[in-house]
1. Which net charge results when you count Lys and Arg as +1 and Asp and Glu as -1 among the other residues whose beta-carbon is under 14 Å from that of residue 201?
2. Could you grab the Rg to Rh ratio for the range 211-273? Cα atoms only, Kirkwood for Rh.
3. What does the charge dipole of the range 211-273 about its Cα centre add up to, to the nearest 20 debye, if the Cβ of each Lys and Arg holds +1 and the Cβ of each Asp and Glu holds -1?
4. Calculate the dipole size of the chain relative to its Cα centre from +1 charges on Lys and Arg beta carbons and -1 charges on Asp and Glu beta carbons; express the result in debye to the nearest 20.
5. For the chain, give me the percentage of DSSP beta bridges that are antiparallel, rounded to the nearest 5 percent.
6. Around residue 359, which amide H atoms from residues at least 5 apart in sequence, or from another chain, sit under 5 Å from its own amide H, with H modelled in the peptide plane?
7. Could you tell me the calculated FRET efficiency between residue 304 and residue 41, based on Cβ-Cβ distance and R0 = 41 angstrom, to the nearest 0.05?
8. Using a 10 Å cut-off around each Cβ, can you sort 15, 298 from fewest to most neighbouring Cβ atoms?
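What follows draws every value from the coordinates through simple rules; no lab data is involved. All values derive from a computational prediction rather than experimental measurement. Note: ideal-geometry Cβ built from the backbone for every residue, glycine included; neighbour counts use all protein chains shown.
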Amino acid sequence: MTAGVVVILGVLWGYLGLMHLADRRGLLPDWIRVSGVFVSFRTKRGKRVLGRLATSKRFWRLWAGSGLVLALLSLVGTFVGGVWLATHGLTLPGSFEHTAFSPATPMPLVVPVVFITSTVIHEMGHGVLCKVEDIEITAVGQSFIAFVPTSAFVEQDGDSREAASYTARMRMFAAGVTNNFALAGLGIVVLIPLVASFTVVPGVAVGGVVAGSPADQASIERGDVIVAVDGAAVSGTEEFQSALAASDGQTRVTVADGETHVVSPGSSESASLGVQPYAAGTHLAALRSGSVVDRTAYLLQAPVVSLTTDAYAFSFVGFDADFYRTAGPLSGLGTLPFVLASLAFWTVWVNVVFAVLNCIPSIPLDGGHLLRASSGVVAETVGVENVRGFMVVATLAGSLVTLATFGVGLIGIG
């Protein structure tokens, strides 16, 4: 554990200790709550904003109703996925063990920003539909782990929520997921034309370097693009490996910025010098070719693709300006197109994953509440005498089966 990590953990625990001490002594205002590692800031002022947004009740009911279909499909999908995981297990390929290599692109700082924004918009959906369906909101706010923001929340009055119809409750719980899917769709609309203007920098993109390898000793780093070996241009991995095979003794490796590194190959890494190429062109091609459905499917697996197949040494986590360049009208905007494309990419990924995970049929997730409300609709439709009891049994059964199947599947990872 590095000194920096120790300092950060010390600050976090110190902050939490002070917050708990202040809470026990009654020094915190009512709008600050502390529970374990969680700190929440609550307010009632946001209810006015939600009320103004909810003026067009017909629109919001149509909006949430359309998203309810996606939410229910996702609910069924997560349940089926859990069953499949339990019966088949999840096997990670050998590439999962490539711990000697650093990630091709560090996780962008935009990811937590996108996540927090997505949770706020998700909860805003719940809040607006609460106003539309006359469900009382007791507070809105933001939760933190220590002082690290995690998610927004809309706290509802339980009695008021139970007094609403089952369909009203279903629309309310589906509204957050609806907003997330809409944000993902917006991200796709922005991403597709941006990606169409990108090209790959010629050469071999360096995704990682083995610690202690000849390349590491020669100061070749992640983010470099190798353009020549012993003065001969290389445009891809095959040419790079062929040039290394033809080289005797010390090898001069030139990178895109013009710097030349003198590398002395060792016996174990003579074929690669310890360089792990990053498949920049393959990732870009997958995001540019095929139907929108195909591209979206790849986009959703891109951040973890190296864990699910040996075809990729590194997952795709954004557009690194070292590996890509722009063409056409965007060529004069510097790195801005890459920033926007990475923002759009993570907007799609975070919102789809966040929405689908929220649809897992287990309380306190939205999926569990949707299962409960929909079971009430079913019970009333078929004439069940004890509707509330049927809802409790259906919700408990769905939650237990889902958690059990996911648990069995995850235990079987190997």
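1. Values: positive: 325; negative: 224, 257, 320, 322.
Summing Lys/Arg as +1 and Asp/Glu as -1 gives -3.
2. Details: Rg = 10.4 Å, Rh = 11.5 Å.
Taking Rh as the inverse mean 1/r over Cα pairs, Rg/Rh reads 0.91.
3. Values: 2 positive and 10 negative charges, 13 e Å.
The dipole magnitude comes to about 60 debye.
4. On the way: 23 positive and 28 negative charges, 413 e Å.
The calculated dipole for the chain is roughly 1980 debye.
5. Details: 35 of 35 bridges.
Once the DSSP bridges in the chain are tallied, antiparallel ones form about 100 percent.
6. Amide H neighbours of residue 359: 367.
7. Values: r = 33 Å, r/R0 = 0.80.
With a Förster radius of 41 Å, E is 0.80.
8. Working: 15 14, 298 17.
The fewest-first ordering by Cβ neighbours comes to 15, 298.
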